[in-house]
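Step one of this worksheet: look at the structure below.
Each value in this text was obtained by applying a stated rule to the coordinates, not by laboratory testing. Since the structure is predicted, the reported quantities are computational estimates derived from the model, not experimental observations. Glycine gets a Cβ as well: all are built from the backbone with ideal geometry, and neighbour counts include every protein chain shown.
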Amino acid sequence: MRANQVFVAALLFVVLGPAACGGDSETSADPGACEPSTELTVITDDLVFDADCYAAPADTPFTVTLVNDDVDPHAFSLYHDDGTPILKGPFVESGEQHTQTFEPLDAGTYLFRCDIHPEMEGVFETTA
């Protein structure tokens, strides 16, 4: 991900706030997807994630279950805003799912993406 894409994503989140995180009706199954949770479920279908952002409580371990309802394999990876990986998830084949545990993160805004399809990306927020 290029630095300007990271900056734009972070800026949009700051300007538009959590209301922008639910995505539109075509890409988001859950308009409240940015509500922090320690057990997140992320669904892929038709080369999109089901939400444009996800959230977890800061300073608390959390899990992300990637459910692949698409015909292509996907991954859920989390990155610092400078592009440094926090955790690169494994490739999950069509019809399969994978749960990964994340160590606690400081409050802030991070980025997630599919490493196979880097255009599949969004904002990941941790809140105090």
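Going highest first, how would you order 42-51, 103-112 by mean Cβ packing within 10 Å? Let's see the in-between values first.
Working: 42-51: 18.9, 103-112: 16.1.
Ranking, from highest mean packing down: 42-51, 103-112.
Across every pair of different alpha-carbon atoms, what Kirkwood hydrodynamic radius in Å does region 28-128 reach? Walk me through the intermediate numbers first.
On the way: mean 1/r = 0.0756 Å⁻¹.
Hydrodynamic radius (Kirkwood, Cα pairs) of region 28-128 is 13.2 Å.
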